[in-house]
1. List every residue pair whose Cβ atoms sit under 8 Å apart, with the two residues 6 or more apart in sequence or on different chains, where the first one lies in the range 188-216 and is touching a residue at least 12 places away in the same chain (Cβ under 8 Å) and the second, anywhere, is of a type in the set (Lys, Arg) and in a helix (DSSP H, G or I).
2. Residues in the range 102-138 that are more than 15 Å from Arg84 (Cα to Cα), acidic (Asp, Glu) and outside any loop (DSSP other than H, G, I, E, B): how many?
3. Name the single residue that is farthest from Gln39 (Cα to Cα) among those in the range 181-198 being charged (D, E, K, R) and surrounded by 14 or more Cβ atoms within 10 Å (Cβ to Cβ).
4. Please enumerate the residues belonging to the range 29-59 that are closer than 18 Å to Leu11 by Cβ, assigned to a loop (DSSP other than H, G, I, E, B) and hydroxyl-bearing (Ser, Thr, Tyr).
5. Can you work out which of the residues in the range 62-92 that are more than 20 Å from the chain's Cα centre (by Cα) and β-branched (Val, Ile, Thr) is nearest to Glu165 (Cα to Cα)?
6. Just for the range 60-86: of the residues that are out of contact with any helix residue (DSSP H, G or I) (no Cβ under 6 Å at 6 or more places or on another chain), part of a helix (DSSP H, G or I) and basic (Lys, Arg), which one is modelled with the lowest pLDDT?
7. If you go through the range 75-103 one residue at a time, how many are in contact (Cβ under 8 Å) with a residue 40 or more places away in the chain and surrounded by 13 or more Cβ atoms within 10 Å (Cβ to Cβ)?
8. Got a number for residues in the range 1-24 being part of a loop (DSSP other than H, G, I, E, B), at pLDDT 95 or above and either crowded, with 21+ Cβ neighbours inside 10 Å or among the aliphatic types (A, V, I, L, M) (or both)?
Amino acid sequence: MIQEDKVKKALKKGLLVAIEGIDGAGKTTHAELLRDALQKDGYSVTLLHEPTEGEWGKKIAELAMKGLDSIRPETEFELFCKDRREDVENNIKPALERKDIVIMDRYYLSNVAYQGARGLDPDFIEKENMFAPTPDLVVILDLPPETALLRIKDRASRLSLFEKEQYLIKVREIFKQRFSERPYVKIIDGEQPLHVVSEKIREFLQPLIEEQEEGP
């Protein structure tokens with residue numbers, strides 16, 4: 001789903017922001033809060049989420065409901081790549097060309113962490129995603145898996161809580177170990193109050209916006 005606002009404040013180029021983290025970290029909540037705040041400030045914003053609601057995204061969602069054992073990680077990753085290629089061509093690139101601020105609720109870093117935790121080579125995953133634009137800012141919402149599971153305990157899952165926690169521990173480790181040193185990646189303690197996390201995201205993004213703002 002794409003959500004846009006009338007252009008009030010023009011940027012010299014579009015900005016790509018990805019909100020990442022394990023299940024239950026608050027990605028969707030903070031992506032929506034960021035969109036609302038930016039639109040209120042007069043910026044044109046496109047909010048996207050992956051997997052998408054397209055053909056391949058729906059297939060991923062269907063398989064996810066059956067549990068991890070129902071699909072090989074290689075097949076899962078292939079579906080994500082097909083879904084993302086369509087997203088890049090149909091949504092992400094056009095929005096950036098319009099000079100929007102594009103917010104991704106999950107992006108290819110999730111593939112690196114999630115399929116990497118299932119045994120795929122993270123280097124291979126990143127290489128296969130080179131067709132996707134590199135974000136200007138990635139925010140990883142970090143919190144312990146046990147906390148995340150308390151937040152999502154009512155979600156349907158065929159994994160036991162123990163299996164899910166062990167899996168998310170691996171995912172979290174990949175997020176932190178692989179991406180923490182990259183200059184465009186910022187890790188935020190996701191256990192902080194909602195307004196604190198939201199403000200920190202804006203603090204990281206604001207200098208990038210100011211660099212791209214058109215003069216009067």
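1. That search, which allows pairs on different chains as well, returns Ile188/Lys200.
2. Summing the residues that are more than 15 Å from Arg84 (Cα to Cα), acidic (Asp, Glu) and outside any loop (DSSP other than H, G, I, E, B) in the range 102-138 gives 1.
3. Selected residue: Glu191.
4. Hit for the range 29-59 is Ser44, nothing else.
5. Ile71
6. Lys66
7. Total meeting the criteria: 17.
8. 2
The values are calculated or read from the model by the stated rules, or taken from the named source; none is laboratory data. Given the structure is predicted, the values throughout are model-derived calculations rather than measurements. Cβ sites come from the backbone with ideal geometry, for glycine too, and all protein chains shown count toward neighbours.
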